[in-house]
Amino acid sequence: MRSPFGVALGLAAALALSFLVLPIVAIFVDIPPGRLLDGMNDPAAIDALVVTLKTTLVANLLILLVGTPAAYLIASRSFRAKPLVVTAVELPLVLPPAVAGIGLLAAF
């Protein structure tokens, strides 16, 4: 017999997985795969993919060059402002995307 915690954990994992899989399934139910692939030849789709790839490349380079050394220093050193720095680093992770987007829009 399984423990109640194990059952609850399994149900929570199944629910989380369904939230990840459901949008993908909905795309293929709504649009047949052949039509979806034909849409990839559209110039707007190609432009969107190119912009996405460029943005991803720049973001990954910035993470590698700035984020990794910063994470190492924060994790390995002790200094007075460390709680403030950790809070500043973690704050974007807990903000709703709309708030972060408005903040970026206001900053730039």
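The values are calculated or read from the model by the stated rules, or taken from the named source; none is laboratory data. All of these numbers come straight from a predicted model, not from anything done at the bench. All Cβ positions, even for glycine, are placed from backbone atoms using ideal geometry, and neighbour counts span all protein chains on display. In case anyone asks, the SASA skips ligands and DNA or RNA and just uses the protein heavy atoms, side chains included. Shrake-Rupley method; radii C 1.70, N 1.55, O 1.52, S 1.80 Å.
Determine if segment 64-84 includes at least one residue that is under 30 Å from R35 (Cβ atoms) and modelled with pLDDT of 95 or more.
No, every residue in segment 64-84 fails to be under 30 Å from R35 (Cβ atoms) and modelled with pLDDT of 95 or more.
I'm trying to understand the selection: among the residues of segment 1-12, which are assigned to a helix (DSSP H, G or I) and open to solvent by 60 Å² or more (accessible area, probe 1.4 Å)?
P4, F5, V7, L9, L11
Quick one: would you say L57 is at pLDDT 95 or above and more than 23 Å from G103 (Cβ to Cβ)?
yes
Residue-by-condition table, conditions (1) surrounded by 10 or more Cβ atoms within 10 Å (Cβ to Cβ); (2) in a helix (DSSP H, G or I):
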residue: V21; (1), (2): yes, yes
residue: I24; (1), (2): no, yes
residue: L36; (1), (2): yes, yes
residue: T55; (1), (2): yes, yes
residue: N60; (1), (2): yes, yes
residue: V66; (1), (2): yes, yes
residue: P69; (1), (2): yes, yes
residue: S78; (1), (2): no, no
